[in-house]
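The structure under discussion appears below in the form of structure tokens.
No value in this document is a laboratory result; all are computed from the given coordinates. Please read these numbers as outputs of a predicted model, since none were measured by experiment. We place every Cβ from the backbone using ideal geometry, glycine too, and count neighbours over all the protein chains shown.
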Ligand SMILES: [Zn+2]
């Protein structure tokens, strides 16, 4: 059991929240009960996840995609009202960590994806959110690994037989960061989403491209964070996957 405020402070320090200039607030977004023993993790704070967390009698819900994004309507109306109302009515705390959870070197989305996919020597590229590492396989074989690990068929651009040694990746909707992969001479760039212009950009730069799912690539950071919190503070933890094909 831990106090809400102690948990918020611990996470802020552990994830170095103050070092990030993000598109949303990172930390306790909705205040619920004071004492926390039962936590649920999930990717995005949609109504399905909130209702499942309430069914599981969660004291706190941890997500990667929370509320209050820059440029969104600040008014609490419509679906935002419905989501927040459920959390408040059930005294469930909502903790959201966006970029700090992508970047973290122990429990972040990028390092966790590297562990799942068997990427060696994973390291961030300079101060970008993109990582690089080593694999030794072909594009077709690596795509199969991605498909098995993430339980989803990725969109793959490039020659099946291309030999892959250096990989660059960034979880989520980071297709525009392909330039960082090109800059380090990566053989393949992997992210969660793709845009229309990307296949040609990849082809003309001789880099393969894998779009493996925004949701699918970002399942693992929040789980690892909550497992860490569960071990450290003796909390009950469960990850709930609200499936999303994107
Ligand atoms: Zn994301």
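Gaussian network model of the chain, Cα springs within a sub-10 Å range: biggest mean-square fluctuation belongs to which of 218, 196, 112? Its mean-square fluctuation being the largest, the pick is 196.
By the count of other C-beta atoms within 10 Å, a proxy for reagent exposure, 166, 81 are ordered fewest to most as 81, 166.
Answer rounded, prolate or oblate for segment 109-217, using the Cα gyration tensor with square roots of eigenvalues a ≥ b ≥ c: rounded when a/c is under 1.5, else prolate when a/b is larger than b/c, else oblate. Write out the running numbers ahead of the final one.
Working: a/c = 1.14, a/b = 1.03, b/c = 1.11.
Rounded.
With R₀ set to 41 Å, the beta-carbon distance separating residue 197 from residue 231 gives a calculated FRET efficiency near 0.40.
Quick one: compute the contact order of segment 2-101, relative version, from alpha carbon pairs under 8 angstrom and 6+ residues apart, as a percent. Each step should come with its number before you reach the end.
Numbers: 165 pairs, mean separation 39.6, N = 100.
For segment 2-101, the relative contact order is 40 percent.
Looking only at 66, 78, 118, which one moves most when the chain is put into a Gaussian network model with springs between Cα atoms under 10 Å? Of 66, 78, 118, the Gaussian network model singles out 78 as fluctuating most.
Pairs of alpha-carbon atoms within less than 8 angstrom and 6+ residues apart define the contacts here; what relative contact order does segment 109-217 have, in percent? Don't jump to the answer; show the numbers that get you there.
On the way: 224 pairs, mean separation 28.8, N = 109.
Relative CO of segment 109-217 lands at 26 percent.
Note on residue 74 and residue 57: their simple-model spin labels are 3.9 nm apart, each label 7 Å out from Cα toward Cβ. Projecting label points 7 angstrom from Cα along Cα→Cβ for residue 123 and residue 34 puts them 4.8 nm apart.
Once a ≥ b ≥ c are taken as the square roots of the eigenvalues of the Cα gyration tensor of segment 2-101, is the result rounded (a/c under 1.5), prolate (a/b larger than b/c) or oblate (a/b not larger than b/c)? Taking the square roots of the gyration eigenvalues as a ≥ b ≥ c, segment 2-101 is oblate.
Result for the chain in a Gaussian network model with C-alpha springs under 10 Å: among 183, 53, 224, the largest mean-square fluctuation is at 183.
Roughly how many Å is it from the Cα centre of segment 221-246 to that of segment 140-206, as a whole number? Taking the Cα centre of each part, segment 221-246 and segment 140-206 sit 27 Å apart.
Counting other beta carbons within 10 Å of each Cβ, put 138, 171 in order, fewest first. Each step should come with its number before you reach the end.
Values: 138 16, 171 29.
Arranged by neighbour count, lowest to highest, 138, 171 become 138, 171.
Can you give me the angle between helix 4-14 and the longest principal axis of the chain, using Cα atoms only, in degrees from 0 to 90, rounded to the nearest 10? It is inclined by approximately 20 degrees. Taking every alpha-carbon pair under 8 Å whose residues sit at least 6 apart, the chain reaches a relative contact order of 21 percent. Quick one: angle between helix 220-233 and the longest Cα principal axis of the chain, in degrees between 0 and 90, rounded to 10, please. Once rounded, the angle reads 40 degrees.
Summarise the long-distance tail of P(r) for segment 40-194 by giving the % of C-alpha pairs beyond 26 Å.
Details: 4554 of 11935 pairs.
Above the 26 Å cut-off, segment 40-194 has 38 percent of its Cα pairs.
Residues 39, 178, 76, ranked from the fewest to the most other C-beta atoms within 10 Å, line up as 76, 178, 39.
Entry note, the chain: the mean residue ellipticity at 222 nm calculated from DSSP H runs of n ≥ 4, each adding -39500 (n - 2.57), is -10000 deg cm²/dmol after division by the residues and rounding to the nearest 500.
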